[in-house]
Amino acid sequence: ELLVDMEDFSGNKVFARYSSFSIDPESYGYRLHVSGFTDGGAGDSLSYHDGQMFSTFDKDQDSWPGNCARSHLGAFW
């Protein structure tokens, strides 16, 4: 399970919960697996990336023709 709790500067709290969360080992590209999303107001920012390998500036493993990590200025799935 993954639970992401957030609170803004005004004290408003939201969350996103995934009942299933795992990341494969390096030999499989740190592939992300998430499912079972529950929306607590934070929205779903991970389901789109389910099944994707982790990409960095120097190791482009995403399915996009360019380098997402370079384009978005940070590593991610």
**Report entry** the chain, dipole about Cα centre (Lys/Arg Cβ +1, Asp/Glu Cβ -1), debye to the nearest 20
**Finding:** 100
Query raised in the report: Of the GluC sites (Glu not before Pro) in the chain, which ones lie in a loop per DSSP and count no more than 14 other C-beta atoms within 10 Å?
Result: Glu1
Query raised in the report: Just the Cα atoms of the chain: what Rg and Dmax do they give in Å?
Result: 14.2, 43
**Report entry** Antiparallel bridges, percent of DSSP beta bridges restricted to segment 1-74 (to nearest 5)
**Finding:** 95
Query raised in the report: What residue among Ser45, Ser27, Ser55 shows peak mean-square fluctuation when the chain is described by a Gaussian network model with Cα springs under 10 Å?
Result: Ser27
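Laboratory data are not the source of any read-out in this text; all were calculated from the coordinates shown. For clarity, every value in this text was computed on a predicted model and none was experimentally measured. Cβ: placed from backbone, ideal geometry, glycine included. Neighbour counts: every protein chain shown.
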